[in-house]
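Engineer: Dumping the structure here so I can ask a few things about it.
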Amino acid sequence: MSTDRCGRFGKALGAGLLAVAALTSCGTGPSVSTEATTITEAAARSDQMNLEFTLPGTLAGDFQEFRAGQRGHFGMAIMAVGGERVMTFGDWTTGPAWSTMKVPLVIAAQRRNPSVSSYSMTAAIASSDNAAADTLWQGLGSPQEAAKAVEAVLREGGDGKTVVPATRSRAEHSAFGQAEWSLTEQARFASRLPCLPQSETVLDLMTEIVPNHRWGLGNIRGAEFKGGWGPDAAGDYLVRQFGIIDGPTGKIAVAFAAQPDSGAFSDGMSALDAMATLVSEHIDELSSGRCPR
């Protein structure tokens with residue numbers, strides 16, 4: 001979309017419904033794997049341009065209502081698998097990847113060594129075992145080689161920005177888990193994940209998450225997902241998740257994050273539960289797709 005032309009036009013209209021219609025007509029054409037722009041997409045993009053309207057009853061409107069009842073910072077990004085446009089919601093945009101970075105790590109490890117321990121891969125994804133993930137990381141070579149190997153998987157998945165550090169910025173946490181991974185780039189990576197060579201193993205493991213980690217996307221039947229969580233230096237938790245769910249005509253990539261003012265992990269988990277419910281309730285509004293053939 002031309003931000004200058006459509007942005008000025010949308011602001012001039014003033015009325016929410018007319019503005020959303022204008023944004024819809026000004027959108028870029030649909031990609032081969034997405035449907036025409038929906039009202040939710042238009043409203044989400046208008047939020048990015050600091051326009052203050054959304055239609056009640058849409059995902060964008062209901063997310064704003066959810067957000068108004070929370071204290072802290074919350075975000076959501078959604079993209080059709082194989083698509084081109086990312087919809088973003090909320091004011092949380094980027095932060096440490098925590099254990100969500102174990103997904104590209106497993107792919108990198110399997111590519112480096114086809115006989116890599118299936119136990120380590122399963123434990124790293126299904127139960128988010130840090131020792132197992134460290135074993136996979138060490139198997140990639142030196143810290144610099146490991147960082148580049150994981151980063152290469154991100155690049156192949158369409159994430160052209162995220163940098164994986166080679167060394168630990170906090171001694172008690174993994175280097176890869178402290179990579180700054182934005183919701184936008186994470187959703188973009190998720191939208192390409194099923195299309196990557198040798199991604200089948202990790203996708204299968206993302207359906208086998210242990211019961212006590214099955215919150216958020218884990219409440220959606222058939223979801224392939226991975227969560228990550230951890231405290232900042234003050235002890236306040238960031239809780240995040242990304243994955244792939246079934247849509248009306250294909251697959252949808254979703255990324256969530258919650259950083260409640262309380263700093264409590266349980267409050268972050270509850271916020272992700274609520275966001276997953278919103279997505280489920282509005283699934284028919286969302287563009288879905290498949291990997292290009």
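Engineer: Can you confirm whether segment 162-171 contains a residue that is part of a helix (DSSP H, G or I) and either closer than 19 Å to Gly95 by Cα or of a type outside the set (Gly, Ala, Ser) (or both)?
Structural biologist: Step one: list which residues in segment 162-171 are part of a helix (DSSP H, G or I), which gives none.
The answer is no; no qualifying residue exists.
Engineer: Looking only at segment 122-165, filter to residues that are farther than 12 Å from Phe176 by Cβ and of a type in the set (Ser, Thr, Tyr); which one of those is farthest from the chain's Cα centre (by Cα)?
Structural biologist: Pass one, segment 122-165, residues farther than 12 Å from Phe176 by Cβ: 122-123, 125-129, 131-132, 135, 139, 141-142, 144-145, 152, 155-161.
Still in the running and of a type in the set (Ser, Thr, Tyr): 122, 127-128, 135, 142.
On the way: Thr122: 21, Ser127: 19, Ser128: 17, Thr135: 25, Ser142: 28 Å.
So the residue we want is Ser142.
Engineer: Checking Lys161 against (1) out of contact with any Gly (no Cβ under 9 Å at 6 or more places or on another chain); (2) under 27 Å from Ala274 (Cα atoms): exactly one of these is not met. Which one?
Structural biologist: Among (1) out of contact with any Gly (no Cβ under 9 Å at 6 or more places or on another chain); (2) under 27 Å from Ala274 (Cα atoms), the lone unmet condition for Lys161 is (2).
Engineer: Another question, then. Within segment 211-225, can one find any residue that is in contact with a Leu (Cβ under 7 Å, 6 or more places away or on another chain), crowded, with 16+ Cβ neighbours inside 10 Å and assigned to a helix (DSSP H, G or I)?
Structural biologist: yes
Engineer: Just to be sure I understand, how many residues within segment 202-232 are more than 21 Å from Ala123 (Cβ to Cβ), free of Cβ contacts under 8 Å to residues at least 40 places away in the same chain and not charged (D, E, K, R)?
Structural biologist: Counting residues in segment 202-232 that are more than 21 Å from Ala123 (Cβ to Cβ), free of Cβ contacts under 8 Å to residues at least 40 places away in the same chain and not charged (D, E, K, R) gives 2.
Engineer: Filter segment 88-115 for residues that are open to solvent by 30 Å² or more (accessible area, probe 1.4 Å) and in a loop (DSSP other than H, G, I, E, B) and give the result.
Structural biologist: Asp91, Thr93, Thr94, Asn113, Pro114, Ser115
Engineer: Now for a separate question. Tell me, yes or no, whether segment 183-195 has at least one residue that is in contact (Cβ under 8 Å) with a residue 40 or more places away in the chain, open to solvent by 10 Å² or more (accessible area, probe 1.4 Å) and not in a helix (DSSP H, G or I).
Structural biologist: In the first step, residues of segment 183-195 are kept if they are in contact (Cβ under 8 Å) with a residue 40 or more places away in the chain; the result is 183-184, 186-195.
Filter once more, so that each one left must be open to solvent by 10 Å² or more (accessible area, probe 1.4 Å): 184, 188, 192, 194-195.
Pick out the ones that are also not in a helix (DSSP H, G or I) and you get none.
So far as segment 183-195 goes, no, none of its residues is in contact (Cβ under 8 Å) with a residue 40 or more places away in the chain, open to solvent by 10 Å² or more (accessible area, probe 1.4 Å) and not in a helix (DSSP H, G or I).
Engineer: Just one of Gly90, Gly57, Gly139 is modelled with pLDDT of 95 or more and under 22 Å from Asp273 (Cβ atoms); which is it?
Structural biologist: Numbers: Gly57 fails: modelled with pLDDT of 95 or more; Gly139 fails: under 22 Å from Asp273 (Cβ atoms).
Sole residue among the options that is modelled with pLDDT of 95 or more and under 22 Å from Asp273 (Cβ atoms): Gly90.
Engineer: Of all residues in segment 267-293, count the ones that are over 16 Å from the mean Cα position of the chain (by Cα), in contact (Cβ under 8 Å) with a residue 40 or more places away in the chain and in a loop (DSSP other than H, G, I, E, B).
Structural biologist: Looking only at that region, the number is 4.
Engineer: Go through (1) touching a Pro at 6+ places or on another chain (Cβ under 8 Å); (2) open to solvent by less than 10 Å² (accessible area, probe 1.4 Å) and name the single condition Leu203 misses.
Structural biologist: Leu203 satisfies every listed condition except (2).
Engineer: How many residues, within segment 233-266, are touching a residue at least 40 places away in the same chain (Cβ under 8 Å), assigned to a loop (DSSP other than H, G, I, E, B) and open to solvent by 10 Å² or more (accessible area, probe 1.4 Å)?
Structural biologist: 6
Engineer: Checking the conditions here, which among Gly157, Gly139 is open to solvent by 10 Å² or more (accessible area, probe 1.4 Å) and not charged (D, E, K, R)? Reasoning before the result, please.
Structural biologist: On the way: Gly157 fails: open to solvent by 10 Å² or more (accessible area, probe 1.4 Å).
Result of the check over Gly157, Gly139: Gly139.
The values are calculated or read from the model by the stated rules, or taken from the named source; none is laboratory data. Keep in mind the model is a prediction, meaning the values are calculated, not measured. Using ideal geometry, Cβ is built from the backbone for each residue, glycine included, and neighbour counts are taken over all protein chains shown. We work out accessible area using only protein heavy atoms, side chains counted, and drop any ligands, DNA or RNA first. Shrake-Rupley method; radii C 1.70, N 1.55, O 1.52, S 1.80 Å.
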